[in-house]
Amino acid sequence: SLSLPNANLPPPLFFIFQLFHFHTTMMKATVLAGLAASAAATTYLHEEFDDSWQDRWTVPTEWKDAAELGTFTHTAGKYYGDADNKGVQTTTDARFHGLIAPLAKEFKSTDKTLVLQYSVKNEQDLGCGGAYIKLLPTEGTDVKSFGGDTPYAVMFGPDKCGYNSRTHVIFTYNGENLLIKREPRMETGGLTNTYTLIVKPDNTYEVRINNEEVQSGSLYEDWDFLEPKEIKDPEQSKPSDWVDNALMDDPEDTKPEGWDDIPETIPEEGAEVPEDWDEEEDGEWEPPMVPNPEYKGEWKPRQIENPDYKGEWEHPLIPNPDFVDDKAVYDVCANGCGYVGFELWQVEAGTIFDNILVTDSIEEAEAAYAKIAENADAEKKQYDEQKEAERVAAEEAAAAAAEADEEGDWEEEEDKEEL
């Protein structure tokens with residue numbers, strides 16, 4: 001501890017000592033608060049796919065026949081910041097790919113923030129395929145048969161087929177899979193992108209791509225967790241004499257005389273019979289028809305305000321007997337989640353998955369992303385260098401081919417001259 005100096009010191013010195021004491025105390029409090037927050041955060045899974053990854057991950061061999069299942073390879077990919085920083089990559093086109101692993105510690109979401117984060121790199125030109133991850137309950141999950149029909153708590157991540165691309169955010173609630181109403185975008189390109197889902201105990205959520213928010217909001221508003229509080233009264237209907245037309249025909253307005261006698265089209269003025277027209281072969285010649293500038297269309301009476309107009313009829317609402325309030329729709333892992341997994345169909349394989357994190361700390365996810373971003377920057381540099389090298393090589397090859405063609409043309413011309 002730091003004791004205050006003698007108050008009998010000259011005022012300037014005493015003031016300086018006070019400032020120093022306040023600053024030191026605040027720094028100490030900040031450090032202690034940070035340590036407390038770190039101690040409170042829990043990591044339930046942090047998978048970076050080292051060389052022992054197969055000890056933790058299982059291929060669900062009972063999900064599909066062997067001929068339908070693709071395989072995964074352990075690789076850093078074509079472009080990387082660190083050759084030893086590897087993920088797992090789908091390898092077989094037009095196949096299902098499945099992997100599942102247990103969390104290091106079971107996650108129960110009651111009163112906790114859920115943060116699910118992982119990185120995706122689509123090195124292939126993806127036309128149709130999923131790249132999403134699932135968080136699954138501890139109870140009832142069979143790793144050998146894990147697949148598309150296995151119940152899950154959360155499904156999150158990118159999915160693309162043709163022009164339809166999105167980031168899925170799906171929750172299982174009372175046995176139903178609830179799709180998000182506003183689908184976040186997905187990131188494209190052949191480099192690493194990190195997807196983060198944050199679900200908070202105040203029933204709000206946030207989706208980030210590369211640690212930048214792409215969408216956030218209320219769980220109640222963006223999913224149909226609950227039935228509506230009110231419904232239309234089935235005993236009520238619009239009265240038969242209800243007038244909801246604001247305007248009406250003017251009974252005093254009459255159609256002008258001769259209105260219907262004006263034709264819609266008339267013969268083109270000045271049109272002449274073509275010189276080569278033969279009535280015996282071509283029949284009687286008729287001039288082409290053109291729009292009549294005098295034609296005014298179908299006559300309709302003038303509209304006036306309807307004195308019997310009562311406004312738009314609104315169906316009376318009553319309390320919905322099926323409405324059940326729930327203050328904790330965020331609590332998707334209330335009974336415990338114990339696995340993460342991928343069950344995917346990809347027409348074009350080549351997606352690399354890495355850096356899977358399940359935690360209750362946003363700060364931990366941000367720190368993990370900072371490490372991913374450093375590697376991604378180096379990956380981007382290598383990508384740009386290789387693309388530039390490929391461009392230069394292509395230009396040189398094209399120039400060499402053009403030169404060879406030119407030499408061939410010259411030799412051919414020379415041969416002709418000799419003949």
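The values are calculated or read from the model by the stated rules, or taken from the named source; none is laboratory data. Remember, predicted model here, so these are calculated numbers, not experimental data. Positions of Cβ are generated from backbone atoms using ideal geometry, with glycine treated the same way; all protein chains shown enter the neighbour counts. We work out accessible area using only protein heavy atoms, side chains counted, and drop any ligands, DNA or RNA first. Shrake-Rupley method; radii C 1.70, N 1.55, O 1.52, S 1.80 Å.
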Residue that is farther than 24 Å from Y309 by Cα, assigned to a loop (DSSP other than H, G, I, E, B) and not hydrophobic (A, V, I, L, M, F, W, C), where the choices are E227, E206, E213, E221: E227
When residues of segment 235-277 are filtered for being of a type in the set (F, W, Y) and assigned to a loop (DSSP other than H, G, I, E, B), how many remain? 2
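Please specify each residue of segment 111-127 satisfying the condition of being more than 14 Å from T194 (Cα to Cα) and touching a strand residue (DSSP E or B) at 6+ places or on another chain (Cβ under 6 Å).
Hits for segment 111-127 are L114, L126.
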Checked segment 133-165 for anything open to solvent by 40 Å² or more (accessible area, probe 1.4 Å) and part of a strand (DSSP E or B); matches are K160, C161, N164, S165
Going through segment 96-118 one residue at a time, which ones are outside any strand (DSSP E or B) and not basic (K, R)? S109, T110, D111, T113
Qualifying position, being out of contact with any Lys or Arg (no Cβ under 9 Å at 6 or more places or on another chain) and open to solvent by 80 Å² or more (accessible area, probe 1.4 Å), among E279, E221, E252: E279
The residue from D93, D82 that alone is open to solvent by 30 Å² or more (accessible area, probe 1.4 Å), touching a residue at least 60 places away in the same chain (Cβ under 8 Å), out of contact with any strand residue (DSSP E or B) (no Cβ under 8 Å at 6 or more places or on another chain) and assigned to a loop (DSSP other than H, G, I, E, B) is D82
Segment 170-187, residues that are open to solvent by 90 Å² or more (accessible area, probe 1.4 Å) and either acidic (D, E) or on the phi < 0 side of the Ramachandran plot (or both): E176, L179, K181, R182, R185
If we scan segment 379-400, do we find a residue that is within 30 Å of G98 (Cα to Cα), hydrophobic (A, V, I, L, M, F, W, C) and within 37 Å of the chain's Cα centre (by Cα)? no
Odd one out for L247 among (1) surrounded by 12 or more Cβ atoms within 10 Å (Cβ to Cβ); (2) at pLDDT 95 or above: (1)
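Report those strands (runs of 3 or more DSSP E) wholly inside segment 278-378 carrying at least 3 residues which are hydrophobic (A, V, I, L, M, F, W, C) and either within 30 Å of P201 (Cα to Cα) or touching a Pro at 6+ places or on another chain (Cβ under 6 Å) (or both).
Answer list for segment 278-378: 337-346, 351-359.
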